[in-house]
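The values are calculated or read from the model by the stated rules, or taken from the named source; none is laboratory data. The structure displayed is predicted, hence computed values, not measured ones. Cβ placement follows ideal geometry from the backbone for every residue including glycine, while neighbour counts extend to all protein chains displayed. To get the accessible areas, we keep the full protein, side chains included, count just its heavy atoms, and leave off ligands, DNA and RNA. Shrake-Rupley method; radii C 1.70, N 1.55, O 1.52, S 1.80 Å.
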Amino acid sequence: MNSTTDYMEPKYIVFESCLTELFQTCPVCETDCEVQQRKQGTYVAFTQLCPGCQYNRKWQSQPLRGSTPVGNLQVSAAVYFTGGSYSQVEKIFKAMNVQVCKYDAFRRHARNYLEPAIHHKWKKDQQTLFQHLKQTGSIAVGGAMRAHSPGHSARFGSYSIMHLDSNTVVDLQLVQSNEVGGRAYMETEGIRRSLDFLDANQVHLKYIVTDRRTMVQTFLRERGVTQYYDVRHFEKSLSKKLQAISKKKDCTVLQKWLRGIKNHLYWTAMSSTTGPEKAAKWKSIINHMQDIHIHDDPLYPKCLHPQKVSKHPSKWFQPCTKPLYKVEKILVNRRVLRDVEKLSHYHQPSSLESYHSVLLRLAPKNVLFPFIGMLCRLYLAAMHFNENAQREQAQTKDGTAVSRVVFPEYKKGQATAKPLKTQATFDYVGDLMRLVFDELIDDPASYIEELKQIAIPEECR
């Protein structure tokens, strides 16, 4: 048997009675034989001895690599590399009474083979990506933080940096809250580590798109990095305030404008190139809501839409009224205008939300993993996302593009059509399997040493 491809062979579920039947009778003299079993997880070995003619043989259900059954290691690898849960797989196996390796063996496999393989592959892929990015010059990136355990005292937080032109995750930093003095400082520390790492690899930033956290703003300003704000987060904050006052009796007219204000914000950001132009367009919404379409600001002197006579005059705000004052106080206060000027006018880091949804499947927030385990699951999520980031829209046999109907939470029950992507691929899992069974299993020392170079916070060890 070729030891380099044994893990690729098809496997089957075989009942124990069917196996035992093969060894009960001597194939030479047909005498009943003495049969002994040795079990180790998914592995079973039989020793057959005929008391009549002394015929004997040994048989094993799967090959061994050293003292490690290949099937046991492959079950562990399949669970880990696909982001599965050992406890859930164990429940499934027990329900079928299929034998499986113990949790201690799973963790031993993870420490000695699986986690070193994940770390090695991610670092190799990352350096290949850096070489490509350095050829393109300065790059635009998006950054976002994600807390990794439930509640307000999250132990871990990860900061992700994504190249916005290719929607590719380029760096991940895992921060433990007590190593930086609390959760409030994890995001700043995460972005600092990412930027230091990018600088060390000579990857230069054109700008970064983030949310509006004050500590991040201060840090990036002091570091001299150009920052823009994610329009989605800004719009979400404004919409909550507007929805709150639209429920008041004297401001019900605002309910007719909520979607229009949201659309105007996105149009303002995407149709402008300078901060003052964004502010001028944004301020025009106050005049527009009063059916006034000529404005004082020379950067945006009048609305671009065709002039129309409204069939519903009641939808307009009346000048010098309390509802208009409340809306104006929210939409065009000094801080909002300052933030509007920094809205990203080209790239939006919405793909980071998609990456976080992948991460949620591989590292659920209600499960607390060890530091290295959490870091490796971040890497797996990035590998999966990067491999599938450029999937095309699915088509029917006659070439018609396929869409699907979804009901986003932010649309309050309203449906929308989204392109249906082609089936996701998992080639990175095959690459990791090959790395484990063709290289690490025979000599994992150098890979383990590479993993040990990661600085683990003291309390996580």
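Here are some notes:
- Tabulated pairs, region 277-300, first under 20 Å from P319 (Cα atoms), second among the aromatic types (F, W, Y) and open to solvent by 40 Å² or more (accessible area, probe 1.4 Å), C-beta under 9 angstrom, 6+ apart or interchain: K281/W267
- Just one of the listed residues (R377, R361, R434) is open to solvent by less than 60 Å² (accessible area, probe 1.4 Å), basic (K, R) and within 30 Å of A117 (Cβ to Cβ), and it is R377.
- Residue among V367, V336 that is part of a loop (DSSP other than H, G, I, E, B) and either in contact with a Pro (Cβ under 8 Å, 6 or more places away or on another chain) or at negative phi (or both): V367
- L174 vs. criteria open to solvent by 10 Å² or more (accessible area, probe 1.4 Å) and either under 25 Å from D427 (Cβ atoms) or in contact (Cβ under 8 Å) with a residue 40 or more places away in the chain (or both): no
- Test: Q74 is more than 29 Å from D443 (Cβ to Cβ) and either open to solvent by 60 Å² or more (accessible area, probe 1.4 Å) or not aliphatic (A, V, I, L, M) (or both): no
- Figure legend. Inter-residue proximity from region 4-20: first residues farther than 12 Å from V70 by Cα, second residues at pLDDT 90 or above and part of a helix (DSSP H, G or I), beta-carbon distance below 9 Å, spacing 6+ or different chains. Indicated pairs: I13/M96.
- Cβ-Cβ contacts under 9 Å between residues 6 or more apart (or on different chains), taken from a first residue in region 37-63 that is open to solvent by 70 Å² or more (accessible area, probe 1.4 Å) to a second residue that is of a type in the set (G, A, S), are listed as Q37/A45; R38/A45; K39/A45; Q40/A105; K58/A45; W59/A45; Q60/A45.
- Test result for V225, open to solvent by 20 Å² or more (accessible area, probe 1.4 Å), among the aliphatic types (A, V, I, L, M) and at pLDDT 90 or above: yes
- Residue in region 159-180 that is over 15 Å from L375 (Cβ atoms), part of a helix (DSSP H, G or I), in contact with a helix residue (DSSP H, G or I) (Cβ under 8 Å, 6 or more places away or on another chain) and aliphatic (A, V, I, L, M) present: no
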